[in-house]
Structures are given as structure tokens and as C-alpha cells.
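Here's the structure we're looking at; comments come further down.
Each value in this text was obtained by applying a stated rule to the coordinates, not by laboratory testing. If you're wondering where the values come from, they're calculated on a predicted model, not measured in any experiment. Neighbour counts are summed over all protein chains in view; Cβ atoms, including those assigned to glycine, are modelled from backbone coordinates with ideal geometry.
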């Protein structure tokens with residue numbers, strides 16, 4: 001037993017010697033240099049990527065789409081009788097569509113704002129009350145598509161004209177078959193609506209210049225109103241490194 005303890009003690013003494021420690025702790029010089037080089041390249045690459053790679057931040061909003069020219073929808077300004085003056089369902093810009101004879105014997109005429117199809121909700125000579133709907137004109141061609149959305153006071157400070165925005169449908173419609181890409185065109189400077197959220201809401205408008213009808217059929221309009229979806233506004237694309245270091 002004493003002999004074994006003596007042997008273990010001798011081994012401990014040998015491990016403490018300078019030569020043994022030098023041999024055991026020595027790292028091959030070539031492997032060390034390669035390791036340092038590889039780690040340095042990785043760190044430099046990460047720094048370069050962080051400097052140039054943008055960190056994109058989006059704001060999601062509910063968007064309702066409209067078209068230009070918009071549908072021309074006419075209602076009765078006063079009680080009276082309606083008399084159509086066009087024999088066809090297609091009208092030209094500036095063409096008289098109908099006139100009404102009010103209860104005080106005055107005559108009010110209505111004209112088409114653009115070329116399109118006219119859809120009457122009444123018959124020739126019918127008596128209608130004030131604000132009853134008379135007709136709608138659907139434009140023959142759409143010049144552009146735009147959308148409106150509302151954001152809170154906290155968000156309006158980060159939204160400005162020119163910011164890119166994408167539109168994604170929340171329901172199926174035959175008038176749009178893909179994502180729309182556009183940009184913010186107008187930011188209203190003052191709150192315009194509360195919308196039941198106990199917060200002042202600010203209106204913004206966005207243009208989608210690349211819109212094309214999903215199908216071409218002369219029996220259908222190029223666009224149907226009341227299309228809604230989600231808009232994704234790009235409010236920041238600062239590189240990752242600048243964002244970490246809080247640079248602007």
C-alpha cells in the first residue's frame with residue numbers, strides 16, 4: 001500500500017516538471033494559425049453582413065381599395081320623379097343620364113363623369129324620396145388603384161410619403177389574383193376619425209400603379225369596390241449593425 005502511494009506521488013512530481021507541462025500544453029503552430037485565421041474571417045464576414053444587411057420593420061394596417069375613376073353613384077337630392085334620357089346602358093363622358101322633376105317643379109339634370117355602364121335602380125317616371133339611389137356608372141377602364149388606411153398617433157410619426165407598401169387580400173376576389181406593390185402617397189396631418197378605439201386615428205393613402213385586372217371580360221367591370229386586405233408598410237430598413245449601435 002505504501003509502495004502505491006509512493007508511485008502516485010512520483011507521478012505528480014513528474015507532471016509538475018517544466019518539460020512535461022511544455023509538451024502537454026503545446027499546440028501545433030500551423031493549426032493555431034489556421035484557427036485564428038478562420039475565426040477572424042468569420043468575425044469580419046459577420047461584421048460586413050451586419051453593416052450591409054437591412055433589418056426591415058413593417059407596420060400592418062387594414063386597407064380598403066378604390067379605383068380612379070371611382071364608381072359614380074347618384075342619389076336623389078330632393079323628392080321628385082326620375083326620367084331617363086339615355087336609351088342604352090352605356091354612356092359617354094358628359095352625356096346626360098337622367099333628370100328629376102322635384103316636388104316644387106324644378107328640374108335637376110345628371111351627367112356621366114366618364115365612359116361606362118349605367119345601372120339604374122329605378123324606372124322611367126318613378127317617384128323617389130330624398131337620398132334614394134338613382135343609378136351607378138361603372139367605368140369602362142381603370143386608370144389607377146389606390147387604398148386608404150388609418151393609423152394611431154403613435155404610428156403616424158414613423159410613416160411618410162414614398163414608403164413602400166404591399167397589399168395582401170384577406171378574402172378571395174376575381175379582380176385581384178396576386179399581391180399588389182405600391183407606396184404611400186399622402187399622410188393627412190390631423191386626426192380625422194376615432195373608429196371606436198378611444199384613440200385619434202390618422203388617414204393615409206397609398207397608390208398601387210402596377211394593378212392589372214385579373215381577367216378581361218367586357219360583361220364585367222375591371223374593378224369591384226369594397227375590396228379589403230392587409231397593407232404592410234416598410235417603415236424601417238436600417239442595417240443590423242447600425243440598429244444595434246443605435247446609429248441613424
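Taking other Cβ within 10 Å of each residue's Cβ, how do 47, 201 sort, fewest first?
Working: 47 11, 201 20.
Lowest to highest Cβ neighbour count: 47, 201.
Cut-off 18 Å, label point 7 angstrom out along Cα-to-Cβ of residue 132: give me the residues of region 91-114 whose amide nitrogen falls inside.
Backbone N within reach: 98-110.
With r defined as the distance between the Cβ atoms of residue 43 and residue 230 and R0 fixed at 45 Å, what FRET efficiency is calculated, to the nearest 0.05?
Values: r = 39 Å, r/R0 = 0.88.
Once the sixth-power term is evaluated, E becomes 0.70.
Between residue 153 and residue 108, what length comes free when the chain is fully extended (0.36 nm per residue of separation minus the Cα-Cα distance, one decimal in nm)? Don't skip to the end; give the middle numbers.
Working: separation 45, 0.36 × 45 = 16.20 nm, distance 4.36 nm.
Difference between extended and current length: 11.8 nm.
Using 0.36 nm times the number of residues separating residue 89 and residue 143, minus their current alpha carbon distance, what extension gain do you get?
Details: separation 54, 0.36 × 54 = 19.44 nm, distance 2.14 nm.
Here the segment from residue 89 to residue 143 would lengthen by 17.3 nm.
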